[in-house]
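Report on the following structure.
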Amino acid sequence: MKTMLAIISNALCRITGRSAGEQTVSEGARVVASRSLSDFTPQATFDIKKCDVHRLEAGPPVRAELTREQGLQYYRTMQTVRRMELKADQLYKQKIIRGFCHLYDGQEACAAGIEAAINPSDHLITAYRAHGYTFTRGVSIREILAELTGRRGGVAKGKGGSMHMYAPHFYGGNGIVGAQVPLGAGIALACQYQGNNQICVTLYGDGAANQGQLFETFNMAALWKLPCIFVCENNKYGMGTSVERASASTDYYKRGDFIPGLRVDGMDVLCVREAAKFAADHCRAGKGPIIMELQTYRYHGHSMSDPGVSYRTREEIQEVRSKSDPISLLKERLLSNNMASVEELKEIDIQIRKEVEEAAQFATSDPEPPLEELCNHIFSNDPPLEVRGTNPWSKLKSIS
């Protein structure tokens, strides 16, 4: 029987012109489809790193449950953000994207983990490294890339750019260092005032952690017990300055003084998810604000004008990639626990590459907003009004 199968196999290979064992991508997809869901482990429990805590009797759990569906969802989210950022890097180097541009690759577990722990009706505000959160809050890849290229189909109609993208319950993208933190407290105050059991996740980086307005905000949030999760994404460098050179205390999770805090492995999506769930429950229980320090890492420089290797070595970056990459960590968990197959993950990767490529084509072919739309959306729900241009004789119209 084996001999007969070998003869048939070799005959088919001669007909198709391919060697035995060679497999096309579409065949790989059929192999995945042919496998029954019962072949995969539907759910598994993983040990995760214990969080350091401040002013808390107990922290988040040290074991996390993950279903197959969740694992594939987190993988797709993080891989999409990674591919989108790599495409933005390419478009910037081609001078199609101009101006400020801060990439998020390396930090994907932070955005994916937080979004998995909160509700779509909860609120989120971040700094200028905002592309990942724009995607997890529901904005499409094509709207993000079109905004980066300044096109009419962008999420902010091509007039916001990299640092100013918005969506329902997502307040940007803010270009002023640390300025989003008091705004986030204001959103949390609105949640408290309306009594809707919603929370606000307010993100900032280690570079903004020494801003005076943060400490003013912490004080008010603690006094009023605002339902706010303050999240410090500590990627080790504020622009080109290491945290050790910038902060007398690098225990950012303790910097709220009377506000409880957590220090979390920000490269593990399950660690981030469990910590964010814990923090959200804390806020919804009326206990006031909480601080989360996510220890993470960015692969690119601070912005596109920063090569990222003048203040750290290439070996340091490569070591983080090889030992702590958030996507590789999740992929290894899924494969080693039979929650997904190599072919299945490859098929997801191919789909994502196709989606990103199509979005990039749209972002480079969509027209730029015309001059007559320059002053639109200055005001909301107002009748059209005239706006002075660059000189008294140049009149533009603003339409809400």
(request) Among the residues of the range 207-252, write down those that are open to solvent by less than 10 Å² (accessible area, probe 1.4 Å) and touching a strand residue (DSSP E or B) at 6+ places or on another chain (Cβ under 6 Å). (result) 209, 221, 228, 229, 230, 231, 232, 234, 252
(request) Would you check if residue 274 is open to solvent by 20 Å² or more (accessible area, probe 1.4 Å), among the acidic types (Asp, Glu) and more than 22 Å from the chain's Cα centre (by Cα)? (result) no
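Kindly check whether there is at least one residue in the range 209-219 that is free of Cβ contacts under 8 Å to residues at least 60 places away in the same chain, of a type in the set (Val, Ile, Thr) and either part of a helix (DSSP H, G or I) or touching a Gly at 6+ places or on another chain (Cβ under 6 Å) (or both).
Scanning the range 209-219 turns up at least one residue that is free of Cβ contacts under 8 Å to residues at least 60 places away in the same chain, of a type in the set (Val, Ile, Thr) and either part of a helix (DSSP H, G or I) or touching a Gly at 6+ places or on another chain (Cβ under 6 Å) (or both).
Conditions tested, residue by residue: (1) touching a Gly at 6+ places or on another chain (Cβ under 7 Å); (2) open to solvent by less than 20 Å² (accessible area, probe 1.4 Å); (3) assigned to a loop (DSSP other than H, G, I, E, B); (4) modelled with pLDDT of 95 or more.
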| position | (1), (2), (3), (4) |
| --- | --- |
| 132 | no, yes, no, yes |
| 135 | no, no, no, yes |
| 139 | no, yes, yes, yes |
| 145 | no, yes, no, yes |
| 151 | yes, no, yes, yes |
| 155 | no, no, yes, yes |
| 161 | yes, yes, yes, yes |
| 176 | no, no, yes, yes |
(request) Look through the range 115-130, keep the residues that are in contact (Cβ under 8 Å) with a residue 40 or more places away in the chain and charged (D, E, K, R), and return whichever of them is most open to solvent (accessible area, probe 1.4 Å). (result) 129
(message) Any residue at all in the range 390-399 that's open to solvent by 20 Å² or more (accessible area, probe 1.4 Å), touching a residue at least 24 places away in the same chain (Cβ under 8 Å) and within 27 Å of the chain's Cα centre (by Cα)?
(response) no
(request) Report, ordered by the first and then the second residue, all pairs with beta carbons closer than 7 Å, sequence separation of six or more or different chains, a first member in the range 369-386 that is within 13 Å of residue 156 (Cβ to Cβ), and a second member that is assigned to a loop (DSSP other than H, G, I, E, B) and open to solvent by less than 90 Å² (accessible area, probe 1.4 Å). (result) 369/158; 369/159; 376/399; 377/400
(message) Among (1) under 17 Å from residue 161 (Cβ atoms); (2) in contact (Cβ under 8 Å) with a residue 60 or more places away in the chain; (3) among the hydroxyl-bearing types (Ser, Thr, Tyr), there is one condition residue 74 misses while meeting the rest; what is its number?
(response) (1)
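So, in the range 193-206, of the ones that are touching a helix residue (DSSP H, G or I) at 6+ places or on another chain (Cβ under 7 Å) and not in a loop (DSSP other than H, G, I, E, B), which residue ends up farthest from residue 233 (Cα to Cα)? Write out each step before concluding.
In the first step, residues of the range 193-206 are kept if they are touching a helix residue (DSSP H, G or I) at 6+ places or on another chain (Cβ under 7 Å); the result is 197-202, 204, 206.
Applying the additional criterion that residues be not in a loop (DSSP other than H, G, I, E, B) yields 200-202, 204, 206.
Working: 200: 16, 201: 12, 202: 10, 204: 6, 206: 6 Å.
Only one residue tops the list, namely 200.
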(message) Can you tell me which residue is farthest from residue 201 (Cα to Cα) among those in the range 81-114 that are surrounded by 24 or more Cβ atoms within 10 Å (Cβ to Cβ) and among the small types (Gly, Ala, Ser)?
(response) 88
(message) I'd like the residue in the range 45-62 that is touching a Leu at 6+ places or on another chain (Cβ under 9 Å) and β-branched (Val, Ile, Thr) and, out of all such residues, is nearest to residue 338 (Cα to Cα).
(response) 45
(request) Tell me which residues, restricted to the range 363-395, are touching a Lys or Arg at 6+ places or on another chain (Cβ under 9 Å) and assigned to a loop (DSSP other than H, G, I, E, B). (result) 366, 367, 368, 369, 370, 374, 375, 376, 377, 384, 389, 394
(request) Could you list, in sequence order, all residues of the range 307-346 that are outside any helix (DSSP H, G or I) and open to solvent by 30 Å² or more (accessible area, probe 1.4 Å)? (result) 307, 309, 310, 311, 313, 337, 338
(message) Can you find a residue that is acidic (Asp, Glu) and in contact (Cβ under 8 Å) with a residue 12 or more places away in the chain anywhere in the range 285-301?
(response) yes
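Restricting to the range 53-69, and then to whatever is within 30 Å of residue 40 (Cα to Cα) and of a type outside the set (A, V, I, L, M), can you tell me which residue is surrounded by the most Cβ atoms within 10 Å (Cβ to Cβ)?
In this case the residue turns out to be 60.
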(request) Could you grab me the full set of residues in the range 77-119 that are among the aliphatic types (A, V, I, L, M) and not in a loop (DSSP other than H, G, I, E, B)? (result) 78, 81, 84, 86, 88, 91, 109, 111, 112, 114, 116, 117
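The values are calculated or read from the model by the stated rules, or taken from the named source; none is laboratory data. All values reported here derive from a predicted model rather than from experimental measurement. We place every Cβ from the backbone using ideal geometry, glycine too, and count neighbours over all the protein chains shown. Only protein heavy atoms, including side chains, enter the accessible area calculation; ligands, DNA and RNA are left aside. Shrake-Rupley method; radii C 1.70, N 1.55, O 1.52, S 1.80 Å.
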